[in-house]
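Contents: one structure, followed by commentary.
The values are calculated or read from the model by the stated rules, or taken from the named source; none is laboratory data. All values reported here derive from a predicted model rather than from experimental measurement. Positions of Cβ are generated from backbone atoms using ideal geometry, with glycine treated the same way; all protein chains shown enter the neighbour counts. Only protein heavy atoms, including side chains, enter the accessible area calculation; ligands, DNA and RNA are left aside. Shrake-Rupley method; radii C 1.70, N 1.55, O 1.52, S 1.80 Å.
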Amino acid sequence: QVQLEESGGGLVQAGGSLRLSCAASGSFFKISTMGWYRQAPGKQRESVATITNGDNTNYADSVKGRFTISRDNAKNTVYLQMNSLKVEDTAVYYCIAWILGRVYWGQGTQVTVSS
């Protein structure tokens, strides 16, 4: 059993910053890729950023240059530093982890950016 617990969401004004964290716990040996997805009201869930256990990163075009993903393998934790936030970044953000070919999702944390 693997659990992913997100934290760090909230309400921020446009141009502000937030840092999301996601800690994985449970019974596993190694996490391969971790990442963040988001889903805005009325829209499909989309990938925001991913990071492999070799620290290779991938970002959605809409967040490049503003968001930074990182991970601490010793803590089984992935972070998402979000700067220069825009109203259109408002969404529920989900943590995701790939472990032995299986995908695990967090419960989601709300990020709301006001104008």
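Among residues of region 51-94 being among the hydrophobic types (A, V, I, L, M, F, W, C) and part of a loop (DSSP other than H, G, I, E, B), the one that is farthest from S115 (Cα to Cα) is A74. Screening region 69-79 for residues that are surrounded by 15 or more Cβ atoms within 10 Å (Cβ to Cβ) and more than 10 Å from the chain's Cα centre (by Cα) and picking the one that is farthest from R19 (Cα to Cα) gives N76. Of the residues contained in region 73-86, one or more are found to be of a type in the set (S, T, Y) and on the phi > 0 side of the Ramachandran plot.
Checking the stated criteria, G65 turns out to be closer than 15 Å to L85 by Cα and either in contact (Cβ under 8 Å) with a residue 60 or more places away in the chain or surrounded by fewer than 14 Cβ atoms within 10 Å (Cβ to Cβ) (or both). Within region 12-33, the only residue that satisfies the criterion of being assigned to a strand (DSSP E or B) and either among the basic types (K, R) or touching a His at 6+ places or on another chain (Cβ under 6 Å) (or both) is R19.
The set of residues in region 87-101 that are touching a residue at least 12 places away in the same chain (Cβ under 8 Å), of a type outside the set (D, E) and surrounded by fewer than 15 Cβ atoms within 10 Å (Cβ to Cβ) comprises V87, L100.
Taking the condition aliphatic (A, V, I, L, M) and open to solvent by 50 Å² or more (accessible area, probe 1.4 Å), does A60 pass? Taking the combined requirement at face value, the residue does not satisfy it. Counting only residues that are open to solvent by 20 Å² or more (accessible area, probe 1.4 Å), in contact with an Asp or Glu (Cβ under 7 Å, 6 or more places away or on another chain) and closer than 15 Å to V103 by Cβ, region 17-46 holds 1 of them. The single residue among V78, V48, V111 that is more than 24 Å from G15 (Cβ to Cβ), hydrophobic (A, V, I, L, M, F, W, C) and modelled with pLDDT of 95 or more turns out to be V78. If you go through region 103-115 and keep only what is over 15 Å from A40 (Cβ atoms) and either free of Cβ contacts under 8 Å to residues at least 40 places away in the same chain or open to solvent by less than 30 Å² (accessible area, probe 1.4 Å) (or both), you end up with V103, G106.
For region 95-115, filtered to residues that are assigned to a strand (DSSP E or B) and aliphatic (A, V, I, L, M), the residue that is nearest to F28 (Cα to Cα) is I99.
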